[in-house]
Each structure stands twice: as structure tokens, then as C-alpha cells.
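Worksheet: the structure to be examined is printed underneath.
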Amino acid sequence: MLLYLLRRMLYALPIMFGVALVCFALIHIAPGDPLVSILPPDASADLQAQLRELYGFNRSLPEQFAMWVWRALHGDLGVSIASNRAVAGEVFTAVGNTLRLALVATVIGFMLGCLFGFVAGYFRGSWIDRAASLVSVLGVSVPHYWLGMVMVIVFSSQLMWLPATGAGPGGSDHWIWNWEHLQYLLLPAITMSVIPMGIVARTVRALVADILDQEFIVGLRAKGLTHLGVFRHTVKNAAPTALAVMGLQLGYLLGGSILIETVFSWPGTGFLLNSAIFQRDLPLLQGTILVLALFFVVLNLLVDVLQTLLDPRIARA
Amino acid sequence: MSSVITSSTVSAPVPMQRSRGYWASVWQRFTHDPVAMGAALVVLVLIAFALFGHSIAPADPYQSSMLKRLKPIGTPGFPLGADELGRDMLSRLIVGARLSLFIGITPVLCAFVLGTLIGLVAGYAGGLVNTVIMRVIDVFYAFPSVLLAIALSGTLGAGVVNSLISLTIVFIPQIARVAESVTTQVRNRDYVEAARASGANAFTIVRVHVLGNVLGPIFVYATSLIAVSMILASGLSFLGLGVKPPEPEWGLMLNTLRTAIYVQPWVAALPGAMIFITAISFNLLSDGLRSAMDNKS
């Protein structure tokens with residue numbers, strides 16, 4: 001078991017290296033000189049050379065990569081071209097905001113998804129199953145940025161129940177868990193929860209249907225176990241996979257929140273990415289993507305480890 | 001006389017009916033699935049919009065008018081209202097099918113070809129080649145797909161071609177993984193072993209024995225990606241990274257109408273509803289295809 005976990009962790013290292021390499025390459029597939037956006041159009045050749053030296057663009061690519069990785073390992077992701085602030089600081093504030101949104105969304109999505117999936121799997125073939133399956137198809141098919149707009153239209157512009165955009169009076173760095181702030185979180189979180197809901201519902205339905213088909217359930221029923229007892233056994237067997245799916249979904253939401261954050265002007269990583277792209281702020285773009293991608297790799301690792309701890313059969317397979 | 005013949009034909013053993021071919025039975029199952037047929041119908045209508053949109057549309061989708069800006073749904077002459085430049089929404093939604101479907105489906109097609117190729121090579125070659133290819137694929141797989149798509153098209157710059165390239169890169173690893181796993185399964189079958197023993201070269205074995213057996217599952221998987229691709233491609237346009245104005249495309253229309261949600265909310269929401277309908281139809285179609293091609297049931 002320990003050996004398996006160790007091997008799994010070692011296996012994540014080359015992936016992380018590859019992810020860093022892709023993020024590094026991003027700057028170099030970008031058309032044009034990365035310095036263009038900071039240089040005044042009439043910059044002298046001298047100034048150009050100076051800045052090139054400062055950002056390290058005058059060195060060979062492997063050298064640049066090594067320097068970049070070395071700095072990143074020390075928490076230095078460079079300086080944003082647009083705001084002139086440290087990228088690491090900006091990214092971490094934004095990650096905090098996105099994480100809050102994504103966590104709430106995952107919890108809502110997971111609970112609803114489990115409910116729909118479980119009911120559908122338990123009453124397979126009935127109208128409840130068909131209705132729940134329809135909900136999950138709708139969940140995976142809806143363009144979430146559009147759903148966000150519709151939510152704003154219904155709950156902000158028509159009913160005027162909830163605020164449409166922003167993260168509350170505290171702005172981007174002062175979040176407090178009270179209603180004043182929470183009301184800003186609700187619409188984006190509910191919008192976001194639709195994606196994991198659909199996927200969790202699909203997975204749980206398949207799992208439950210599969211488990212109920214197995215012989216031990218028939219055995220338990222024959223032994224005279226109540227519905228509640230059977231239910232407990234089903235949950236126990238479905239939990240590891242369902243939790244794993246939830247973990248992965250959290251990762252997808254962290255990386256995929258850009259569209260929803262744009263709709264709601266939520267000051268998270270998506271919003272940061274959006275401004276980095278349109279100001280052609282490549283260090284900020286690179287740093288944000290690196291942090292999000294590494295987060296996703298680590299999350300995958302954690303999910304695998306947790307799943308192995310919950311279900312030791314995986315390590316033996 | 002005739003009665004004799006009849007009685008003899010009846011008593012004679014009925015010749016075994018020729019069993020239907022695999023594809024005939026797939027078709028039969030598919031056409032008996034009402035949900036899948038409904039989805040197929042919607043997709044056909046959308047394809048008709050994409051091909052003949054300009055002749056179907058009641059008005060010119062580019063004709064703007066400052067006086068008719070943001071008309072509500074049901075205005076005479078504008079059945080679905082008018083957009084922020086006074087252009088007819090219905091016409092723009094119909095003509096918009098062409099670009100929206102194009103930018104949504106093309107990446108999946110390209111990734112289907114390239115991903116299958118990569119997966120076939122990795123799966124058939126095995127060993128070191130497989131390890132190298134699949135580790136590289138794993139790296140790209142380690143990015144959440146929305147993030148990778150936006151990162152790539154954000155750095156490459158706005159534009160249709162760049163968004164097609166980035167979405168293709170997003171889907172290649174996913175398809176290659178499926179292709180690799182089915183190829184590895186088929187490669188170890190006895191008939192492949194037999195072909196190799198009888199002296200067929202790798203190319204012939206892949207073409208004759210492997211390809212026919214792996215294309216089906218890969219194709220079904222690829223169709224399940226079309227809905228995701230449609231949502232992502234229009235999402236890129238929504239962010240301003242894809243199609244440029246004044247071309248009608250649903251994601252872009254949603255973007256330019258976003259500022260109008262306090263004036264004409266339901267007109268502003270229409271383009272997204274088109275994306276939603278398209279994505280649902282492709283998802284249901286893909287589900288129907290999957291169960292029709294499933295031999296076990």
C-alpha cells in the first residue's frame with residue numbers, strides 16, 4: 001500500500017515538470033515580442049536591451065526555462081507587465097476567491113448530483129429515473145456562461161433578489177462569511193454547480209445500478225435486510241468513486257471558472273486570466289496557468305491517494 | 001395440386017434466416033430509439049440552417065438600423081426581436097448556425113483524425129514508443145480542458161483559426177487515450193496474432209484487422225465531445241477570443257448582447273438557448289449512438 005502511494009507520488013513529478021514546460025512554452029508560442037506591450041513605441045535600442053536583460057529574454061531557451069523554474073520553486077513567478085506587481089501575490093489572492101466559489105459550487109453540485117443519481121439508479125427504468133437522467137443531460141449540456149446570464153436576468157434584473165456582479169463590499173481581498181457577502185456568492189456558485197451536478201448524477205446512477213445488480217445485494221435481501229440496510233451497503237460501495245469524481249470536478253471548476261467569473265465579475269483566477277489575456281500580460285498569464293494546472297495535478301494525486309485509502313483493492317490491482 | 005405444394009412447403013424445415021449484419025442491427029436499434037431520433041432531427045435542422053441559412057433567413061443578418069435597436073420578441077417584422085445594432089435576431093440565429101457548428105465540430109474532427117493516429121501508433125507499437133507518447137499525452141491531460149483552451153487561444157491571439165487550433169489540441173489527448181486503450185485490447189486478440197504469424201506486415205494488420213475494430217468506439221467517444229466542443233468554442237467567442245464581429249455566431253452574439261440584459265433580457269438570452277439546444281441534441285444523439293452500437297444489450 002505504502003509502496004503504491006509512493007509510486008503514485010513519484011509518477012506525479014514528471015507530469016508537473018511537463019506542465020511547467022508547457023506553461024513556459026506558452027510565452028514562446030505567443031506571436032510577437034513579449035516586450036512590445038511594455039515598451040514605449042519610441043524606445044531606444046539601449047532600453048530594449050536593458051529590459052531584455054531584466055526579463056532574461058536574451059539567454060538561451062533552456063537557460064531561461066531553468067531560471068524560470070528555479071524562481072517559481074522559490075515562489076517568484078515574475079512581475080506583472082500591466083500592474084508591475086508580483087504575479088505570485090496577485091495569483092494567490094485570486095486563487096483564494098476562486099477556491100471559495102468552486103468549493104461551494106462543488107458541495108452543492110455533489111449533494112444534488114448524488115440525490116438525483118441515487119434516486120435514478122435505485123428506481124431504474126421508472127419515470128423518476130428518466131426525469132433524473134434528463135436533469136443530468138441538461139446539466140452537462142448547458143453553456144454555463146449563458147446559464148449565468150439567465151440567472152442574472154431572473155434573480156437580479158427581474159426579481160431583484162440578489163446582486164448581479166462583484167464579490168461584495170469587501171472587494172477582492174476582504175471576504176467575510178456573512179449574508180452581506182454571501183449573497184454575492186450565491187448566483188455564481190449555483191451556476192457553477194450545474195456542471196458537477198450533471199456529471200456526479202451520471203456517475204452515481206451508473207454506480208448504484210451496477211451495485212444493485214451484484215449478487216451480494218441479492219444475498220443481503222434474501223437474508224431479510226431492510227431497504228435501509230441495502231441502502232447503507234450501496235452507499236458504502238459507491239462512495240469512493242463518487243468522492244473521486246467530486247475531487248476531480250473541483251479541479252475542473254478551478255480551471256474552468258473563467259467564463260462564469262467573467263459573467264459575474266468575480267475577482268478570481270478566471271477574471272485575472274481574462275485581464276492578462278487582453279492586456280497581453282504574459283508573465284501574469286503564465287503564472288496563473290501554472291498555479292492552476294499544478295493545483296489540478298496535486299488534486300488528482302490527493303484524490304488517488306484518498307481513493308486508495310478508502311478502497312484498498314485499488315492498490316492491489 | 002397447389003394444396004399439395006403448400007402443405008409440403010409448410011412441413012419442410014424452415015431455412016435459417018440470415019442473421020442481420022452488425023450495422024443493420026445498429027441502425028435498427030437507433031431508429032427505434034425515439035429520443036435519439038428526435039435529437040437527430042434537431043441536428044438535421046441545425047445542419048440545414050448551417051448550409052442554407054442565408055436562403056432560409058427572412059432578413060439580412062448584417063443589415064443594421066439605429067432606429068430598430070433592441071426591439072422585444074414579437075415586434076412586427078422582427079419575430080425574435082432585434083439586437084443592439086437593430087439587426088434581425090431570427091435571421092442572425094439561423095445564419096449563426098454555420099459558424100457556430102463549424103467552430104464546434106471542426107476541432108473534434110481534426111482531433112478525431114490526429115488523436116486516432118497517435119493512439120493507434122502508441123497502442124500498436126507498445127513498449128517504449130507507447131510510454132513516451134502516453135506520458136506526453138498525460139501532461140496535456142493534466143490541464144483542465146477549459147483552462148488549456150483559454151491559455152492556448154489567449155496566447156496565440158484572438159481569431160477563428162487560433163481557437164480551432166487550441167480546441168484541437170485540447171481534444172487530441174482525450175481521443176488518443178481512448179484510441180490507445182482500444183488498440184491495445186485489439187492488438188492482443190488471437191486474429192491479430194494469426195495475421196502476424198502468417199506474415200502480414202504492421203501496416204496491413206492495422207489497416208485490415210485493427211482499424212475496423214477500433215474506429216467504432218473512438219467515433220462514439222468523439223461524438224460525445226461535440227457538445228463540449230460547441231460550448232467551449234462559443235465560450236471562446238463569448239470571451240472575445242474566437243469569431244470577430246460582425247459575423248453572426250452564437251457565442252459572440254451573447255457577448256455583444258450582454259450589456260443589454262437590463263433592456264431586453266430575453267432577446268439577449270436567445271443565442272445561448274441555441275447553444276444549449278445544440279449541445280443537448282448532440283449529447284442525446286451520442287448517447288443513442290452509444291447504446292445502439294453496444295453489442296451486449
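Regarding segment B:161-172, can at least one residue be identified that is over 30 Å from B:Thr131 (Cβ atoms), of a type outside the set (S, T, N, Q) and within 14 Å of another protein chain (Cβ to nearest Cβ)? Checking segment B:161-172: at least one residue is over 30 Å from B:Thr131 (Cβ atoms), of a type outside the set (S, T, N, Q) and within 14 Å of another protein chain (Cβ to nearest Cβ). Restricting attention to segment B:234-267, the residues being charged (D, E, K, R) and closer than 16 Å to A:Ile153 by Cα number 1. The C-beta contact set for segment B:48-59 (first residue in a helix (DSSP H, G or I), second residue of a type in the set (Phe, Trp, Tyr) and surrounded by fewer than 18 Cβ atoms within 10 Å (Cβ to Cβ), distance under 8 angstrom, 6+ apart or interchain) comprises B:Ala50/B:Phe102. The numbered conditions (1) within 12 Å of another protein chain (Cβ to nearest Cβ); (2) more than 30 Å from A:Val137 (Cβ to Cβ); (3) not basic (Lys, Arg) are all true for B:Val206 except (1).
Checking the condition within 19 Å of the chain's Cα centre (by Cα) and surrounded by fewer than 24 Cβ atoms within 10 Å (Cβ to Cβ), which residue from A:Val107, A:Val154, A:Val135 passes? Reasoning before the result, please.
Values: A:Val154 fails: within 19 Å of the chain's Cα centre (by Cα); A:Val135 fails: within 19 Å of the chain's Cα centre (by Cα).
Within the list A:Val107, A:Val154, A:Val135, the selection yields A:Val107.
If only one of B:Val95, B:Val146, B:Val108, B:Val132 is without any contact (Cβ under 8 Å) to a residue 24 or more places away in the chain, hydrophobic (A, V, I, L, M, F, W, C) and in a helix (DSSP H, G or I), which one is it? Show your work before the answer.
Details: B:Val95 fails: without any contact (Cβ under 8 Å) to a residue 24 or more places away in the chain; B:Val146 fails: without any contact (Cβ under 8 Å) to a residue 24 or more places away in the chain; B:Val108 fails: without any contact (Cβ under 8 Å) to a residue 24 or more places away in the chain.
The match here is B:Val132.
Would you point out which residue out of B:Pro265, B:Pro248 is more than 8 Å from every other protein chain (Cβ to nearest Cβ) and modelled with pLDDT under 90?
Numbers: B:Pro265 fails: more than 8 Å from every other protein chain (Cβ to nearest Cβ).
Every option except B:Pro248 fails the conditions.
Inspect segment B:164-171 for any residue being under 24 Å from B:Pro271 (Cβ atoms), part of a helix (DSSP H, G or I) and either among the aromatic types (Phe, Trp, Tyr) or at pLDDT below 90 (or both) and give the result as yes or no. Checked against the condition, which is being under 24 Å from B:Pro271 (Cβ atoms), part of a helix (DSSP H, G or I) and either among the aromatic types (Phe, Trp, Tyr) or at pLDDT below 90 (or both), segment B:164-171 yields at least one hit. In summary, B:Val146 fulfils each of the numbered conditions (1) of a type outside the set (S, T, N, Q); (2) touching a Gly at 6+ places or on another chain (Cβ under 8 Å); (3) farther than 29 Å from A:Ile258 by Cβ with the single exception of condition (3).
Would you list the helices (runs of 4 or more DSSP H) that sit entirely within segment B:189-292 and hold 1 or more residues that are in contact with a Lys or Arg (Cβ under 7 Å, 6 or more places away or on another chain)?
Working: elements: B:190-197, B:211-239, B:250-257.
Because the criterion is at least 1 residues that are in contact with a Lys or Arg (Cβ under 7 Å, 6 or more places away or on another chain), the helices (runs of 4 or more DSSP H) in segment B:189-292 that meet it are B:211-239, B:250-257.
What are the residue pairs meeting all of these: first residue in segment B:275-288, first residue more than 7 Å from chain A (Cβ to nearest Cβ) and β-branched (Val, Ile, Thr), second residue part of a helix (DSSP H, G or I) and crowded, with 23+ Cβ neighbours inside 10 Å, Cβ atoms under 6 Å, and 6 or more apart or on different chains? As it stands, the answer is B:Thr278/B:Met230, since those pairs meet every condition given. Checking each residue in segment A:264-275 for being within 8 Å of another protein chain (Cβ to nearest Cβ) and either surrounded by fewer than 24 Cβ atoms within 10 Å (Cβ to Cβ) or in contact (Cβ under 8 Å) with a residue 40 or more places away in the chain (or both) picks out only A:Asn274.
Considering segment B:251-262 alone, what residues qualify as being more than 9 Å from chain A (Cβ to nearest Cβ) and either closer than 18 Å to B:Leu46 by Cα or in contact with a Ser or Thr (Cβ under 6 Å, 6 or more places away or on another chain) (or both)? Hits for segment B:251-262 are B:Leu252, B:Met253.
For the structure I just gave you, tell me whether A:Ser133 is in contact (Cβ under 8 Å) with a residue 40 or more places away in the chain, within 12 Å of another protein chain (Cβ to nearest Cβ), in contact with a helix residue (DSSP H, G or I) (Cβ under 8 Å, 6 or more places away or on another chain) and more than 23 Å from B:Ala233 (Cβ to Cβ). Let's see the steps before the verdict.
On the way: in contact (Cβ under 8 Å) with a residue 40 or more places away in the chain: yes; within 12 Å of another protein chain (Cβ to nearest Cβ): yes; in contact with a helix residue (DSSP H, G or I) (Cβ under 8 Å, 6 or more places away or on another chain): yes; more than 23 Å from B:Ala233 (Cβ to Cβ): yes.
Taking the combined requirement at face value, the residue satisfies it.
Any residue at all in segment B:93-113 that is more than 18 Å from B:Glu249 (Cβ to Cβ) and within 12 Å of chain A (Cβ to nearest Cβ)? No - not one qualifying residue is present in segment B:93-113.
Answer with yes or no whether A:Ala239 is among the small types (Gly, Ala, Ser) and either over 24 Å from A:Leu301 (Cβ atoms) or surrounded by 24 or more Cβ atoms within 10 Å (Cβ to Cβ) (or both). So A:Ala239 fails the test.
From the set of residues in segment A:252-263 that are facing chain B (nearest Cβ under 9 Å) and within 14 Å of the chain's Cα centre (by Cα), which is surrounded by the most Cβ atoms within 10 Å (Cβ to Cβ)? Going through the qualifying residues, I end up with A:Ser257. Note on segment B:140-159: among residues that are under 17 Å from B:Ser234 (Cβ atoms) and surrounded by fewer than 21 Cβ atoms within 10 Å (Cβ to Cβ), the one that is farthest from the other protein chains (Cβ to nearest Cβ) is B:Gly159.
The set of residues in segment A:296-312 that are touching a residue at least 60 places away in the same chain (Cβ under 8 Å), surrounded by fewer than 17 Cβ atoms within 10 Å (Cβ to Cβ), out of contact with any Lys or Arg (no Cβ under 9 Å at 6 or more places or on another chain) and not in a loop (DSSP other than H, G, I, E, B) comprises A:Val298, A:Leu306, A:Leu310.
Is it true that some residue in segment B:179-190 is within 21 Å of B:Leu109 (Cβ to Cβ), over 18 Å from the mean Cα position of the chain (by Cα) and not polar (S, T, N, Q)? Yes, some residue in segment B:179-190 is within 21 Å of B:Leu109 (Cβ to Cβ), over 18 Å from the mean Cα position of the chain (by Cα) and not polar (S, T, N, Q).
Yes/no per residue for (1) more than 14 Å from chain B (Cβ to nearest Cβ); (2) exposed (fewer than 15 other Cβ atoms within 10 Å of the Cβ):
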site	(1), (2)
A:Glu63	yes, yes
A:Gly75	yes, yes
A:Ser80	yes, no
A:Arg100	yes, no
A:Gly125	no, yes
A:Gly139	no, no
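Checking each residue in segment B:64-78 for being under 16 Å from B:Leu270 (Cα atoms) and either touching a residue at least 12 places away in the same chain (Cβ under 8 Å) or β-branched (Val, Ile, Thr) (or both) picks out B:Arg69, B:Leu70, B:Lys71, B:Pro72, B:Ile73, B:Thr75, B:Phe78.
The values are calculated or read from the model by the stated rules, or taken from the named source; none is laboratory data. This is a predicted model, so every value here is computed, not measured. All Cβ positions, glycine included, derive from the backbone under ideal geometry; neighbour counts span all protein chains shown.
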